[in-house]
């Protein structure tokens with residue numbers, strides 16, 4: 001087992017000893033579960049198996065912080081708690097603050113308003129980490145949460 005895991009080295013020298021033990025045990029458990037998976041007819045190699053497990057664990061994670069927006073694609077496609085909400089007013093009363101955001105789906109598709117400006121909306125999804133602006137009238141909200149590549 002140690003020889004098989006040698007090519008998937010996750011332990012670095014600067015880690016504390018208890019982290020090394022944890023990752024060593026975790027990788028041994030994953031290799032054992034991969035062998036059981038292969039015995040039951042699984043076709044993926046170990047690296048693909050690891051990738052699938054990590055993706056599923058990240059998809060089931062609780063709400064991610066906005067600093068982790070690259071994982072937005074995983075979060076937006078999973079879960080049932082996505083509802084459109086009106087964007088909160090961001091002004092102090094002295095000057096007008098824009099409540100609108102550019103619709104992410106319309107922007108990726110290259111859609112514009114009649115005058116050439118980007119399509120703006122006041123609806124956002126507050127469950128997604130990046131809180132994207134999404135149109136309700138054109139179906140952008142549903143498209144964003146059901147289709148992996150929403151730009152087509």
(message) Can you order the peptides 133-140, 22-29, 112-119 by their average number of other Cβ atoms within 10 Å per residue, highest first?
(response) 133-140, 22-29, 112-119
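Average the reciprocal distances over every distinct pair of alpha-carbons in the stretch 2-59, invert the result, and give the Kirkwood radius in Å.
On the way: mean 1/r = 0.0804 Å⁻¹.
About 12.4 Å, per the Kirkwood formula over Cα pairs.
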(request) Give me 30, 39, 47, 77 ranked fewest to most by other Cβ atoms within 10 Å of their Cβ, as a rough exposure proxy. (result) 39, 47, 77, 30
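No value in this document is a laboratory result; all are computed from the given coordinates. This one's a predicted model, so the numbers in the text were calculated from it and none came from an experiment. FYI the Cβ positions are ideal-geometry reconstructions off the backbone, even for glycines, and counts take in every protein chain you see.
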